[in-house]
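Okay, structure first, notes after.
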RNA sequence: GCCACUGUAGCUCAGUCGGCAGAGCGGCUGAUUCGUAAUCAGCAGGUCGGGGGUUCAAGUCCCUCCAGUGGCUCCA
């Protein structure tokens, strides 16, 4: 860069600066906003993240990056990963670092190393603490390729990454207190920024190491201060307490037995919730023109050869041999729906033909993937198959998108859409897939929804719009799905006679709204933290007589509530009233009603509405009307 | 399925060096009849995940199988 060439730096708010030869991004930004300079962990130079130590060599635009900026956040995560790598190498000298990227909610670093143990991790934490205390700077160096190769000669993984750097690009490394890592950067200025780094856990990652041993992954999350980390840990502890497996046990919603891993047992309380959800969906089915069907759970192998499951889904199917013939337990409802459609000639006048089926499905999920209700081997979807003409596709899917949004609003669930396209192992021709993918994409765009494209994640027979919701720890789970299928109708030879008298093949929209009862109840349990909306609560009203003298009156109120279609029960008077109130609170009963002399005398009730921690007096009629209204309207709060 | 870890009463967990199986909550019984988040006392409750091995002796050490947890892969 020619000495003396005038450089102008454009800053946010229209400010500008003329840097001297000694100036860095950091010094320019600090002069521009001295009061906020402590928060700047990197800069954005011409739209690209750079170190604070970067020296602009030409005119350009510059903005600061802080932990609150997504890019700044990512830089801190990535620097945290470097810190972990440094600590691991210090602890286990022959560990080979591979990659350590930021993720949606933190970072990880994969190592080619013997399996790690908890004591290793303690040592790693201690080494990290030493680095943080020592305030080690992240120093960038740009190297000739050969020198970089020499530097990482012991580490085949790094050599591979060096080879992947495009010819024109520089190879850069970062030094941190004697540890050097291949890295594009940028980084936070020094390890002081990493005092809030936290290791979440370790596990095996993919097997890409040359010896075939799995890489060891250390996951973590970084914060610039201890206080922010403490806040995060507190939130996380609350999230763990919301785990549906814990609440499901405590509230006796469901259980699992060792004898049938992955097969949920629905207990009476859980079944109440399932039935209410079923009703929620079924009411809609009627008004939206669906018919219900029930088809067999088992089909001969030939059916799955037709559907394509045998070729593309076999490893996930339970198979039984009956009288020498192979039968498969259905993992999806589509074959049954296809067979019904194809059972007689069909007219275009029957379309769209909407066939709903809530049948148990069996999927042989790998043992290591089972996860409470969120990943099971036996499940029931709120499933339907809609047979449509080409023209009917868009209107049908519009209705479905609106319906899904409305359903999520009822549950106050945050959700995101994902467009999943043709997977590597799939049926049919590329042209069909492109057409179907294009239709789904344009409908999503038209709906104004934000969505993520997920290449290659579609079903083997169709691309799909998936709905994702997150569990208490932020892990995403797919619930609803809308799939546009041109393949199965062809393979089953389905046809309808059109107004033109000719035979046509329908398209099929496979769809669920809530997904499966299992996963939806799991996610919802965590979302509401066991505080069920009144319409879903297994027990809606708990009546507590102050003494035995008030038991009769309590039963009378309970009967009145039951007659009105509510789930009400009397809590015996053996324990003290405060204790019974405590029990009801812990059970998260939405309405706790206390009846004593006063209430019996004047026909009122003393109601403790969940979340208020205090009692409200009202007339019985008023109370019943309130609860009924909340329940009928499916209000979220009591 | 892969890697690591975990498995003791219904639940949450203690159990030291290999030497008689423990607590709290819950349950049952009795007393208490109580006004908005825990009344008191007593009692019952265990193939220490299953199987095998080492040992005079195994909850404890070894092997193996099963299940669960966290990830990986995969998926609603």
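Output the residues belonging to region A:564-586 that are touching a strand residue (DSSP E or B) at 6+ places or on another chain (Cβ under 9 Å) and assigned to a helix (DSSP H, G or I).
Kept after step one, since they are touching a strand residue (DSSP E or B) at 6+ places or on another chain (Cβ under 9 Å), are these residues of region A:564-586: A:566-573, A:577, A:580-581, A:583-585.
Within region A:564-586, A:577, A:580, A:581, A:583, A:584, A:585 qualify.
Within the bounds of region A:457-466, is there any residue that is crowded, with 21+ Cβ neighbours inside 10 Å, touching a residue at least 60 places away in the same chain (Cβ under 8 Å) and farther than 30 Å from residue A:240 by Cα? Scanning region A:457-466 turns up at least one residue that is crowded, with 21+ Cβ neighbours inside 10 Å, touching a residue at least 60 places away in the same chain (Cβ under 8 Å) and farther than 30 Å from residue A:240 by Cα. Yes or no: region A:571-588 includes at least one residue that is more than 8 Å from RNA strand B (Cβ to nearest atom), over 17 Å from residue A:609 (Cα atoms), at pLDDT below 95 and loosely packed, with under 14 Cβ neighbours inside 10 Å. Among the residues of region A:571-588, at least one is more than 8 Å from RNA strand B (Cβ to nearest atom), over 17 Å from residue A:609 (Cα atoms), at pLDDT below 95 and loosely packed, with under 14 Cβ neighbours inside 10 Å, which makes the answer yes. Residues in region A:466-484 that are farther than 21 Å from residue A:380 by Cβ and over 13 Å from the mean Cα position of the chain (by Cα): A:484 only. Checked against (1) touching a strand residue (DSSP E or B) at 6+ places or on another chain (Cβ under 9 Å); (2) near RNA strand B (Cβ under 6 Å from one of its atoms); (3) modelled with pLDDT under 95, residue A:594 passes all but a single condition, namely (3). Screening A:29, A:83, A:76 for residues that are touching a strand residue (DSSP E or B) at 6+ places or on another chain (Cβ under 6 Å) and part of a helix (DSSP H, G or I) leaves exactly one candidate, A:29. Only strands (runs of 3 or more DSSP E) whose full extent lies in region A:449-519 are considered here, and the ones with at least 2 residues that are touching a helix residue (DSSP H, G or I) at 6+ places or on another chain (Cβ under 9 Å), modelled with pLDDT under 95 and within 14 Å of RNA strand B (Cβ to nearest atom) are A:464-470, A:476-485.
Residues of region A:380-398 being surrounded by fewer than 22 Cβ atoms within 10 Å (Cβ to Cβ) and under 24 Å from the mean Cα position of the chain (by Cα), which ones? Those that are surrounded by fewer than 22 Cβ atoms within 10 Å (Cβ to Cβ) and under 24 Å from the mean Cα position of the chain (by Cα): A:380, A:398. Within the set of pairs 6 or more residues apart or between chains, which connect a residue that is touching a residue at least 24 places away in the same chain (Cβ under 8 Å) inside region A:573-587 to a residue that is part of a helix (DSSP H, G or I) and more than 6 Å from RNA strand B (Cβ to nearest atom) with Cβ atoms less than 7 Å apart? Hits for this filter: A:573/A:551. More than 32 Å from the chain's Cα centre (by Cα), at pLDDT 90 or above and within 21 Å of residue A:176 (Cα to Cα): is that true of residue A:60 in this structure? It is false that residue A:60 is more than 32 Å from the chain's Cα centre (by Cα), at pLDDT 90 or above and within 21 Å of residue A:176 (Cα to Cα).
Name the helices (runs of 4 or more DSSP H) wholly inside region A:117-227 in which the number of residues that are in contact (Cβ under 8 Å) with a residue 60 or more places away in the chain and under 30 Å from residue A:25 (Cα atoms) is 3 or more. Let's see the steps before the verdict.
Working: elements: A:118-134, A:145-151, A:156-164.
Correct list: A:118-134.
Residue A:561 passes every criterion in (1) within 8 Å of RNA strand B (Cβ to nearest atom); (2) in contact with a helix residue (DSSP H, G or I) (Cβ under 9 Å, 6 or more places away or on another chain); (3) in a helix (DSSP H, G or I) apart from (1). Listed by position, the strands (runs of 3 or more DSSP E) enclosed by region A:290-368 that each have at least 2 residues that are in contact (Cβ under 8 Å) with a residue 24 or more places away in the chain and touching a helix residue (DSSP H, G or I) at 6+ places or on another chain (Cβ under 8 Å) are A:325-329, A:353-357. Every condition in (1) in contact (Cβ under 8 Å) with a residue 40 or more places away in the chain; (2) under 30 Å from residue A:534 (Cβ atoms); (3) within 16 Å of RNA strand B (Cβ to nearest atom) is met by residue A:412 except one, and the failing one is (3). Put simply, of A:240, A:170, A:188, A:165 the only residue that is more than 27 Å from the chain's Cα centre (by Cα) and exposed (fewer than 13 other Cβ atoms within 10 Å of the Cβ) is A:170. Report, by residue number, each residue of region A:134-158 that is touching a helix residue (DSSP H, G or I) at 6+ places or on another chain (Cβ under 9 Å) and closer than 17 Å to residue A:76 by Cα. Across region A:134-158, the qualifying residues are A:135, A:136, A:137, A:138.
Tell me yes or no: at least one residue of region A:596-616 is in contact (Cβ under 8 Å) with a residue 60 or more places away in the chain and surrounded by 20 or more Cβ atoms within 10 Å (Cβ to Cβ).
As a first pass, look at region A:596-616 and keep what is in contact (Cβ under 8 Å) with a residue 60 or more places away in the chain: A:610-611.
With the extra rule that they be surrounded by 20 or more Cβ atoms within 10 Å (Cβ to Cβ), the set shrinks to none.
No, region A:596-616 contains no residue that is in contact (Cβ under 8 Å) with a residue 60 or more places away in the chain and surrounded by 20 or more Cβ atoms within 10 Å (Cβ to Cβ).
The values are calculated or read from the model by the stated rules, or taken from the named source; none is laboratory data. Not measured: the values here are computed from a predicted model. Positions of Cβ are generated from backbone atoms using ideal geometry, with glycine treated the same way; all protein chains shown enter the neighbour counts.
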